[in-house]
Amino acid sequence: MNRKLIFRVDDRLIHGQVIEGWIKYFKIKEVIIVSDRVYNDDLQRMIYSSILPEHCILQFYTIKDFIHNFTEIYSAKRSTLILFESIEDLYNVREVLSDDITINVGCVASREHKIEITDTVFLDKSEVVMLCKLREKYEIQIKKLPWETAVEIKNFLSLIEE
Amino acid sequence: MVGIILLTHGSLGMELLKTSEMIIGKQNNVDFLSVQSGTSLNDLAGDLDNLVNKYKKDGVLILTDMFGGSPSNIAMAYFDKEHVDIVTGVNLPMLIKTFSMRNDVDNAQNLGRIASQTGKESIILAGDLMNK
């Protein structure tokens with residue numbers, strides 16, 4: 001089986017859906033958390049390290065270091081799940097995206113003024129704009145679990161029209 | 001009396017509380033928080049912080065449903081706080097025992113030890129009973 005490189009936006013990072021869903025389904029060998037916040041928080045790093053299955057490697061990167069080290073990550077040829085806390089963080093690494101990776105939006109929590117896309121994905125206008133820009137070049141799958149059908153949003157831009 | 005916070009996915013915590021009260025009667029000093037699909041974990045962490053502070057004097061035991069799940073991950077932020085302990089994998093026998101032992105222990109750590117032990121021992125494979 002070809003290795004998978006999955007870029008997932010999930011503001012819960014590693015949790016039940018990720019452990020029981022994505023890691024098992026795609027036989028993920030390495031998980032990378034790309035977050036400036038978590039990178040600098042020893043307690044969060046300890047929590048996420050403790051819950052990952054033993055056969056998985058976990059690495060933490062800041063956004064800047066992730067872009068800088070991506071060639072190396074890419075050349076490792078392992079099935080890897082790369083987690084981002086927000087659409088904005090994913091958007092900020094767009095220079096490393098390519099056609100042979102998978103982009104998934106899984107969980108973005110509800111807030112005031114957010115548009116409900118699915119039961120786990122709530123986006124504000126700026127996030128819809130960023131996703132639209134990414135969608136011009138890459139396929140984006142909106143779903144919480146790998147075996148689900150991705151939510152198709154045909155008139156995505158209409159969400160932000162007044 | 002050590003407080004108890006049920007922190008679970010969906011309405012599991014609320015239902016566990018209702019069910020245990022059905023069996024051993026109304027309980028005091030207990031709260032539940034639920035993580036729903038669209039819940040912001042930041043908001044929930046704020047709610048949890050308020051509850052944990054409420055029990056600062058007598059201590060509090062946080063019971064979560066599944067190690068590695070979001071409710072448990074939020075709770076783990078308190079693992080080194082002296083007046084707090086956390087037990088994952090809450091089940092009904094564990095909760096009932098925890099409620100009934102609250103007056104016999106003086107801190108959250110001791111109550112947590114009882115809870116985790118009871119939770120494990122409460123799981124029985126029927127076939128094992130027959131083979132004894």
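Structure notes:
- Single residue of the range A:79-115 satisfying the filter (charged (D, E, K, R) and surrounded by fewer than 13 Cβ atoms within 10 Å (Cβ to Cβ)) that is farthest from A:K137 (Cα to Cα): A:E112
- Taking (1) among the hydrophobic types (A, V, I, L, M, F, W, C); (2) under 13 Å from the mean Cα position of the chain (by Cα); (3) part of a helix (DSSP H, G or I) in turn, B:F67 satisfies each apart from (3).
- Filtered residues of the range B:79-96 (kept if part of a strand (DSSP E or B), closer than 25 Å to A:P53 by Cβ and within 14 Å of another protein chain (Cβ to nearest Cβ)): B:I86, B:T88
- Hits in the range A:118-129 (condition: assigned to a loop (DSSP other than H, G, I, E, B) and more than 10 Å from chain B (Cβ to nearest Cβ)): A:D124
- Selection status of B:M76, facing chain A (nearest Cβ under 10 Å), in contact with a strand residue (DSSP E or B) (Cβ under 9 Å, 6 or more places away or on another chain) and either among the acidic types (D, E) or outside any loop (DSSP other than H, G, I, E, B) (or both): yes
- Candidate set: the range A:1-57, residues that are basic (K, R) and assigned to a loop (DSSP other than H, G, I, E, B); chosen: the one nearest to the other protein chains (Cβ to nearest Cβ): A:R12
- Residue among B:L44, B:L33, B:L63 that alone is more than 14 Å from chain A (Cβ to nearest Cβ), under 25 Å from A:L145 (Cβ atoms) and either among the small types (G, A, S) or touching a residue at least 24 places away in the same chain (Cβ under 8 Å) (or both): B:L33
- Residue in the range A:61-81 that is of a type in the set (S, T, N, Q), within 13 Å of another protein chain (Cβ to nearest Cβ) and not in a helix (DSSP H, G or I) present: no
- Consider the range B:3-15 and keep the residues that are among the aliphatic types (A, V, I, L, M) and touching a strand residue (DSSP E or B) at 6+ places or on another chain (Cβ under 6 Å). The one that is surrounded by the fewest Cβ atoms within 10 Å (Cβ to Cβ) is B:M14.
Only the coordinates and a few stated rules stand behind these numbers; no lab work does. A quick note: this is a predicted structure, and the numbers were derived from the prediction, not measured. Here Cβ is always computed from backbone atoms with ideal geometry, including for glycine, and neighbour counts include all displayed protein chains.
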